[in-house]
Every structure is written in structure tokens, then in C-alpha cells.
Amino acid sequence: MPIVLALTGRLDVGDRKLSRAEAREWLARAAVWFEGAGDAVLDARLMRDGEDKPVLLVDLHTASPPVELRLGASGKVRVSATTTPAGPGYHQYLCKLLRQLATDFQFSWVGDDCLDPTGYFASRNRDNAEQHFLHWLAGACGGTPRSVGLPPGHGFTHPGDMLTPLGPRSKEWATAVATDPPRGRDFFPWWSPELGPAFYRGRAVARMWCDFPWRPPLTEAEGETADQIANDLATAFKLDPAGELPWQEWLELLHAIQADAAGEHFCVTPTDTVLSVELWKRTGPVPGGPAAPRIGYRRYPVRAALDGGWSVEVPGSFAREWDDQRNWTAWDRARTVCFRRVGYSKSDGSMPTAAEALEVGRKTLPAGEAVPRLDAGGAVGEAVFGPTAEDGRTVWRLSGVAGAPGQLAVCYAYAESEADRDWAVRTWLSLRHDAGDGPPITR
């Protein structure tokens, strides 16, 4: 089980009830407060939860989910934060930050309603908190799982034995940590609460492994991610010039940012020739030694979780997004994959089989070269490949329809060149359906 910090406080609102608009306004002020709290906070955004109630999401570290902050009509303030796998430093820093929030917004946390499995929020005992995280990791390593500390449905296909936020680990490492927990200290990207060079390096490396696509940004969000990683690395270097950093990958990141500066301008990091030269000096291979493995799970294909238990494998370099109509798109500058799922029932209200759903979808296929039939992972489907006109130019499109019990899915793969036919077919044939899967997993 993850380590979750759950706090409850109460505003003094008297006998009245707060309206939803008042709760939203208070949370909006809290968002501004978090954004001004310093470098540790990456983002604070006001959203709506599944009940259409306002919730403030605060990101401090890519390794752990956002902190969730809610305000009820009675004035009850509730915070929930999963602090694994970021580490005990994150847990301790967050406790301090939330105490300051209560002071500045003039409310108190209610001790009896505050749950901290490490005991740190009440005791401030740093050693106990660290031991709790180490024992959590030892339990998670039992049986050498495929990944530890990554979200369900991460989809990474890197060939390492056990994937973690800071890169793959060996089965031998996992076995050693399961029997001797202190050996797992370097698993955590945020070990100490101080915002020193280790904090900035750990956060940057975790984002390089899990988030960065290793090409120039294609969206504003990707540009912001690149800027934040570059800033964390530069800060770590400034605080400890002699410290070890991922020099080759940092230079690669800066090249991607510089390429963006010549095109879309999604990044704001300025060109620093002196820094680039310094990095270039440090990136040379060890004489006579093999090249070190490169950081980045997204250098490999990623299995993307879609609607209703569907998934598809796309290049890790692809940008991905959902629109308001539940259409999913993944793309780079030359290729695009689109997916949409629709519920389907027969006229008598019964659930159709996968074959019956496909029979309906087959009628919508355009003319084209038939490609191999899909029959795997709970889905059956058919597709065709051929040229089509898009925005006044000719592109190549694979059009596929797939059926699963009670569902019909439409999948397209677009490419600038006919030479990408094999890629489009591989993408189509990677489509899978698992009826046990839940909704799509997003960050």
C-alpha cells in the first residue's frame, strides 16, 4: 500500500454553509499561494472532480500524484497526498508546507482527524519517517515485480528487469532491498526535505526517465516540462558544480530546446552557449569503455491506456492527448494515431459479441488495401490502407474498426509517406482490449 498523508482542518464559517462558488474562490486563492511557495511547486490548478465539485491539484514531484485539496460546505478542509515513491524528503517538506498554509489562511489542522502512517506530521521525527519509507520499498520489492513506484498503466516497454522512477533496477537489487531495506535509499528521488542539489537532480532525472520525449516540444505543456527539467539541472549544477549530473542527456535536452527556439517557441529557456560548451566537455565517453545506457523510458514504445479497457502501442516520442469528446490522439511531426470508442448494443438491448460489433463497423471502412486482421487481446478487427486527401494534400491512412463485447472502436494511423505502411500496420495490430481495465490513466 502507498504512504498517504491525509489531513483535515476547519475554517471558521459559523453556522452558515459555504456555497460552491465560495469554496472555489478560496481554493483559487490557495492555488496562488502554492504557486508562490517556491521552486518545489511545479503547478497548482483548480479542477472539478467526478461530482463536479472544485478540487485543487498541486504538483511538486513527477514521481508522486498531485496533492488534492478540497473545501466542503461546512468549512472542512481536506488534503490527501500520496508521498511514495517520491520519498521521505517529500513527505517532510509537504508537512511543513501544509502547516504554513494553515497559518497563512488562519485555520488549524484537527489532530484526531489527521492520518500520517509515518507519524511525522505530529512527531516531526525524521528517522521514523525515513525508516517507514524504506520498509515500504522493501515490501514493494518482494517477488521482484516488473515495476515499483510507477503508476498503474504507465505502459513503458523498456527491457529492464524492474522499472522505477529513476530508471531500471536489476532483480538482484530488488532481492537485496527486500531483505535489507537501507540498501534502497537511492531509490527515492527526494530523500531529504532540504531543497539542495540532490532534490533538483532527483526531480530532473525522474522527469527525464518518465516524462521527456527526447525531441523538440510539440505542445505548450511539453515546452513547460522541458523548461522545468532544464531549470532543475541548472540549479543543481549551480549549487554543486562538482556533483554528478546526466551530462549527455542534459545536452540533448538543451539541443531540443534550441531546436524549438527556431520553430514553435514552446520553451522559454534562453540559449546558453557557455553552459552548452561546459556540458560538451563532460559528455565524452570513458576511454576504452562502453557507452552508458541512455536515460529515458520514452526512447522505447509505450502502451497507451485508452477508453473502456482498450490500449495501443505507439512510439514513446509521440505527444498524446484526449479532447472533450473523448477522442484520443497521439502524434509527432510526420505521423498520427487516432482512437475513439463507442458503446454498442443490439436492438433487443443485449450485448453484442466482438464479431457482431465488428460486422457493424466493417460497413464504415473506406476503399483500400486490406491489411492483416486483428485478432488478439479480446478484440477482432479489420483495416485498410491507402491514400486520402487531408487539408489539400495527400497523406496515407490506415483505417481500422475493431469489436469487443459490447464495444466498437475506430482507429486511424496517418503518415506523410507510403513508406510508413509497416509502422501503421504494426500500430494497428498492437490494439488490445481487456474487459477488466478501468478508465484511461492520465497525469
*Every residue from segment 366-398 that is open to solvent by less than 70 Å² (accessible area, probe 1.4 Å) and at pLDDT below 95*: Ala376, Gly377, Gly378, Ala379, Glu390
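Identify, from the list Gly349, Gly343, Gly309, the residue that is at pLDDT below 95, open to solvent by less than 20 Å² (accessible area, probe 1.4 Å) and farther than 24 Å from Arg215 by Cβ.
Numbers: Gly349 fails: open to solvent by less than 20 Å² (accessible area, probe 1.4 Å); Gly343 fails: open to solvent by less than 20 Å² (accessible area, probe 1.4 Å).
Result: Gly309 is the single residue among Gly349, Gly343, Gly309 that is at pLDDT below 95, open to solvent by less than 20 Å² (accessible area, probe 1.4 Å) and farther than 24 Å from Arg215 by Cβ.
Looking only at segment 123-147, which residues are more than 22 Å from Pro168 (Cα to Cα), exposed (fewer than 15 other Cβ atoms within 10 Å of the Cβ) and of a type outside the set (Asp, Glu)?
Result: Ser123, Arg124, Asn125, Asn128.
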*In segment 211-253, which residues are on the phi < 0 side of the Ramachandran plot and among the aromatic types (Phe, Trp, Tyr)?*
Phe212, Phe237, Trp247, Trp250
*Could you check, for segment 422-434, whether at least one of its residues is open to solvent by 70 Å² or more (accessible area, probe 1.4 Å), in contact with a helix residue (DSSP H, G or I) (Cβ under 8 Å, 6 or more places away or on another chain) and not in a strand (DSSP E or B)?*
yes
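Output the number of residues of segment 177-197 satisfying the condition of being outside any loop (DSSP other than H, G, I, E, B) and either more than 18 Å from Glu130 (Cα to Cα) or touching a residue at least 24 places away in the same chain (Cβ under 8 Å) (or both). Quick ask: steps written out before the conclusion?
Of the residues in segment 177-197, the ones outside any loop (DSSP other than H, G, I, E, B) are 177-179, 181-187, 197.
Filter again for either more than 18 Å from Glu130 (Cα to Cα) or touching a residue at least 24 places away in the same chain (Cβ under 8 Å) (or both), leaving 177-179, 181-182, 184-185, 187, 197.
Of the residues in segment 177-197, 9 are outside any loop (DSSP other than H, G, I, E, B) and either more than 18 Å from Glu130 (Cα to Cα) or touching a residue at least 24 places away in the same chain (Cβ under 8 Å) (or both).
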*Limited to segment 248-274, what total is found for residues that are under 16 Å from Arg201 (Cβ atoms) and open to solvent by 20 Å² or more (accessible area, probe 1.4 Å)?*
1
*Inside segment 247-366, counting only strands (runs of 3 or more DSSP E) that do not spill past its ends, which hold 2 or more residues that are under 23 Å from Pro159 (Cβ atoms)?*
302-305, 310-314
*Quick check: is even one residue across segment 175-184 buried (at least 20 other Cβ atoms within 10 Å of the Cβ) and either in contact with a Ser or Thr (Cβ under 8 Å, 6 or more places away or on another chain) or more than 22 Å from Pro2 (Cα to Cα) (or both)?*
no
*Please report, ordered by residue number, the strands (runs of 3 or more DSSP E) entirely within segment 38-115 with at least 2 residues that are among the β-branched types (Val, Ile, Thr).*
54-59, 76-82
*Which residue pairs have Cβ atoms closer than 6 Å, lie 6 or more positions apart in sequence or on different chains, and pair a first residue in segment 372-395 that is without any contact (Cβ under 8 Å) to a residue 12 or more places away in the chain with a second residue that is assigned to a strand (DSSP E or B)?*
Arg373/Glu382; Thr394/Pro387
*Near pairs, Cβ below 9 angstrom, 6+ apart or cross-chain, from segment 396-407 (farther than 27 Å from Asp420 by Cα and in contact (Cβ under 8 Å) with a residue 60 or more places away in the chain) to any residue that is small (Gly, Ala, Ser) and part of a strand (DSSP E or B)*: Ala404/Ala379; Gly406/Gly343; Gln407/Gly343; Gln407/Ala379
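Does Ala6 satisfy the condition of being surrounded by fewer than 17 Cβ atoms within 10 Å (Cβ to Cβ) and at negative phi? Even if it seems obvious, please write down each step before you answer.
Details: surrounded by fewer than 17 Cβ atoms within 10 Å (Cβ to Cβ): yes; at negative phi: yes.
The answer is yes for Ala6.
The values are calculated or read from the model by the stated rules, or taken from the named source; none is laboratory data. Remember, it's a predicted structure, so these values are computed and weren't measured experimentally. Every residue, glycine among them, receives a Cβ derived from its backbone with ideal geometry; neighbour counts consider all protein chains shown. These accessible areas exclude ligands, DNA and RNA; they are computed on the full protein's heavy atoms, side chains included. Shrake-Rupley method; radii C 1.70, N 1.55, O 1.52, S 1.80 Å.
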